[in-house]
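Accompanying notes for the structure given below.
What follows draws every value from the coordinates through simple rules; no lab data is involved. Remember, predicted model here, so these are calculated numbers, not experimental data. Cβ sites come from the backbone with ideal geometry, for glycine too, and all protein chains shown count toward neighbours.
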Amino acid sequence: MDADDSRAPKGSLRKFLEHLSGAGKAIGVLTSGGDAQGMNAAVRAVVRMGIYVGAKVYFIYEGYQGMVDGGSNIAEADWESVSSILQVGGTIIGSARCQAFRTREGRLKAACNLLQRGITNLCVIGGDGSLTGANLFRKEWSGLLEELARNGQIDKEAVQKYAYLNVVGMVGSIDNDFCGTDMTIGTDSALHRIIEVVDAIMTTAQSHQRTFVLEVMGRHCGYLALVSALACGADWVFLPESPPEEGWEEQMCVKLSEVMRVPWPLIAVVAMFLS
Ligand code: ADP
């Protein structure tokens, strides 16, 4: 890429990147588990930065399933293949839940498929489960290579050449449930969407003096319930981390009745977690 290329990073970023070289390296990028708004932006960043530093970047379609199945599920990406996806929800390379990757046999197949393309750098964009799987894969890597060599699927040279698997995990999860990250990819958009819905039902709640129970996303993590309850001024919130005490039903009815009695009724929205 020459100095006048408009694609080239500018200023201090450019200086930082001067010393990075991806020449001769291959990076695989995949999105796994539940989709989250922002995954496409993360895929785009991996592809473009990888290409900028001279590496080959491969899309791995359908999460770990694509890695286990191989073939056309692992395809080289180019600069244009990630054009116009920054603002698009979901993930253009697909996401899936893959039972086979939970088994050593499945991971052995995945390792073989990566080695066929010389991929020893993985960027996994996913949640808790996906990154747990990635870490296990990294730990097992040398054992998997030895097993492939014993099976005659790769030679001894390949075992040495591809001895290390580098993994970068990007937390794509609307739940904001990963330690070490201020906010995970997708959380902010999910909150935004919840508040849009609350705004839409507020007028009906006010007009009919109704109480609405709102169930939000989050599975075992109450972050979205808590923050959306704060943002919309909910009168009651249930959180998985803080289950209600005995007798909560009565307390809640009293509280909501009080709210309904004021001359201009307040909205009693309950941000609620259900598994
Ligand atoms: P998320 O990444 O959103 O938490 P899941 O928990 O469903 O979603 O995990 C996504 C995929 O990651 C699973 O379908 C499986 O292929 C892989 N995975 C999850 N946990 C493990 C594990 N302990 N070992 C190996 N693979 C795992």
| field | Overall dimensions of the stretch 148-228 by Cα: Rg and Dmax, Å | value | 23.2, 74
| request: Specify, per residue and in Å³, the volume enclosed by the convex hull of the alpha carbon atoms belonging to the stretch 127-275. | output: 141 Å³
| said: Take E146 and E246, extend 7 Å from each Cα along the Cα→Cβ direction, and tell me the distance between the two endpoints in nm. | reply: 5.6 nm
| field | In nm, spacing of pseudo-spin labels at L256 and Q87 (7 Å Cα→C-beta vector) | value | 3.9 nm
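If you average over every viewing direction, what projected area does the convex hull of the Cα atoms of the stretch 79-187 give, in nm²?
Details: hull surface 32.4 nm².
For the stretch 79-187, the mean projected area of the Cα convex hull comes to 8.1 nm².
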| What lysines could a cross-link reach from K156, if we take a straight Cα to Cα line under 25 Å and drop same-chain neighbours fewer than 8 places away? | K25, K56, K109, K139
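Give me the percent relative contact order of the chain, please, defined on Cα pairs under 8 angstrom at least 6 residues apart.
Details: 490 pairs, mean separation 43.6, N = 275.
Across the chain, relative contact order equals 16 percent.
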| Where Rh is the Kirkwood radius over the Cα pairs of the stretch 128-181, the temperature 25 °C and the viscosity 0.890 mPa s, what D in µm²/s does Stokes-Einstein return? | 190 µm²/s
| field | Separation of alpha-carbon centers, the stretch 172-187 and the stretch 106-150, rounded to whole Å | value | 24 Å
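Given 25 °C and 0.890 mPa s, compute D for the chain with the Stokes-Einstein relation, Rh being the Kirkwood radius over Cα pairs; round to the nearest whole µm²/s. Provide the component values of the computation, followed by the final result.
Numbers: Rh = 21.5 Å.
Here the translational diffusion coefficient equals 114 µm²/s.
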| request: Specify the inter-centroid distance of the stretch 213-242 and the stretch 33-92, based on alpha-carbon positions, in whole Å. | output: 32 Å
| said: Restricting everything to alpha-carbon atoms, can you work out Rg to Rh for the stretch 12-121 with a Kirkwood hydrodynamic radius? | reply: 0.99
